[in-house]
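Remarks on the structure that follows.
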Amino acid sequence: MAGVSTKEIKTRIRSMESTKQITKAMEMVAASKLRRAQNQVLCSRPYFEILYATMNDIVDSTRDFSSPYLTKRPVKKSVYVVIAGDRGLAGGYNSNILKLVAAEAEGKDVLILPIGKKAADHFRARGAALLSEKYADAEDVGVGDCFTLAKWLCRGYLNGEYDEIKVAYTNFVSVLSQTPGVLQLLPVLRKETGREGQIPSDILYEPDSTSVFDAIIPEYLGGVLYGALCESRASEQAARRTAMESATQNAEDMISDLSLKFNQARQAAITQEITEIVAGS
């Protein structure tokens, strides 16, 4: 009986060691991808910040400025661009953003545009109305796709197909902290400065500020979408690295516990054999 027990324990130890090797490898891959994702986040921010500053400069320095991108209208239909991952084993990364969108969209007439297989599968299984599944594979979505998507969404907004556009993504705070959030894209939220239409800008816009503003908006939204995608990618890899690090530690603890049990079972078997020999003599 003791022999069978030790054999089972050795089998479990080998199994846990194999699992540990897998989780350790996944942890190292996630750490490598995280470094690249962090660099993408840092590189994408200056472009976005310049567009944002230009947009606010136009609005703040132009008297009686108006644009269809700024005009609020009754919200009958909303679009949510939901950024999630293509794979699991990333802790609560996917579930947190999907729960947030479900809470945000409750009671609304919404169209979902998923970026990431997990988001596409989740909403398809629940019968949600999907605007498009063209970008369902998040790994294949690049900066050019984000700008193409932004222009397409802007056309639909101007044509009255939907009344607001939001993006749900996970903000990368640190390796140990990622925060899911929802950001409104259209209509553009006007920055409250208390200086609107009073401070002339030193910049001259050709042919006029309104035309420049309307041309900037799709570029601005493309930058926001790409930035959100980069933030989400960094968050996913950070969450996966943390989850795999925890799994590796758990595997090590289980191996240590099983090794102790194996030694105890082996010692018990040896003691039993010695007892039987002594009794037989």
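Quick one: would you say ILE199 is β-branched (Val, Ile, Thr), over 20 Å from the mean Cα position of the chain (by Cα), within 30 Å of SER66 (Cβ to Cβ) and at pLDDT 85 or above?
Answer is no for this residue.
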Of the residues in region 52-66 that are under 24 Å from ASP163 (Cα atoms) and part of a loop (DSSP other than H, G, I, E, B), the one that is modelled with the highest pLDDT is SER66
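For residues that are within 16 Å of the chain's Cα centre (by Cα) and either at positive phi or free of Cβ contacts under 8 Å to residues at least 24 places away in the same chain (or both), tally how many sit in region 29-38.
As a first pass, look at region 29-38 and keep what is within 16 Å of the chain's Cα centre (by Cα): 30-31, 33-38.
Now restrict to residues that are either at positive phi or free of Cβ contacts under 8 Å to residues at least 24 places away in the same chain (or both): 35-36.
Matching residues across region 29-38 total 2.
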Condition set over 16 Å from ASP253 (Cβ atoms) and in contact with a helix residue (DSSP H, G or I) (Cβ under 7 Å, 6 or more places away or on another chain), scope region 6-23, selection modelled with the lowest pLDDT: answer is THR6
Does TYR69 count as surrounded by 19 or more Cβ atoms within 10 Å (Cβ to Cβ), in a loop (DSSP other than H, G, I, E, B), free of Cβ contacts under 8 Å to residues at least 40 places away in the same chain and not basic (Lys, Arg)? no
Working only within region 101-142, note down all residues that are assigned to a helix (DSSP H, G or I) and farther than 23 Å from GLU231 by Cα. ARG124, ALA125
In this structure, is ALA234 at pLDDT 90 or above, in a helix (DSSP H, G or I), aliphatic (A, V, I, L, M) and in contact with a strand residue (DSSP E or B) (Cβ under 6 Å, 6 or more places away or on another chain)? yes
Does ARG87 satisfy being of a type in the set (Lys, Arg), in a helix (DSSP H, G or I) and under 23 Å from the mean Cα position of the chain (by Cα)? no
In region 205-227, the residues that are surrounded by 19 or more Cβ atoms within 10 Å (Cβ to Cβ) and modelled with pLDDT of 85 or more: ILE217, PRO218, TYR220, LEU221, GLY222, GLY223, VAL224, LEU225, TYR226, GLY227
Given ALA239, ALA265, which one is more than 17 Å from VAL175 (Cα to Cα), out of contact with any His (no Cβ under 6 Å at 6 or more places or on another chain) and among the hydrophobic types (A, V, I, L, M, F, W, C)? ALA265
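Identify the residue in region 172-196 that is modelled with pLDDT of 85 or more, part of a loop (DSSP other than H, G, I, E, B) and surrounded by 12 or more Cβ atoms within 10 Å (Cβ to Cβ) and, among all such residues, is nearest to the chain's Cα centre (by Cα). Outline the logic, then answer.
Let us first name the residues in region 172-196 that are modelled with pLDDT of 85 or more, namely 172-187.
Right, trim to part of a loop (DSSP other than H, G, I, E, B) and you get 175-176, 187.
After this cut, where a residue has to be surrounded by 12 or more Cβ atoms within 10 Å (Cβ to Cβ) as well, the list is 175, 187.
Values: VAL175: 13, PRO187: 23 Å.
Taking the candidates together, the pick is VAL175.
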Out of the residues in region 145-171 meeting the condition of being touching a strand residue (DSSP E or B) at 6+ places or on another chain (Cβ under 6 Å) and among the aromatic types (Phe, Trp, Tyr), tell me which one is surrounded by the most Cβ atoms within 10 Å (Cβ to Cβ). TYR169
What number of residues within region 106-136 are touching a residue at least 40 places away in the same chain (Cβ under 8 Å) and either touching a His at 6+ places or on another chain (Cβ under 8 Å) or surrounded by fewer than 23 Cβ atoms within 10 Å (Cβ to Cβ) (or both)? 2
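The values are calculated or read from the model by the stated rules, or taken from the named source; none is laboratory data. Since we're looking at a predicted model, the values are computed, not measured. Please note: Cβ atoms are built from the backbone with ideal geometry, for glycine as well, and neighbour counts cover all protein chains shown.
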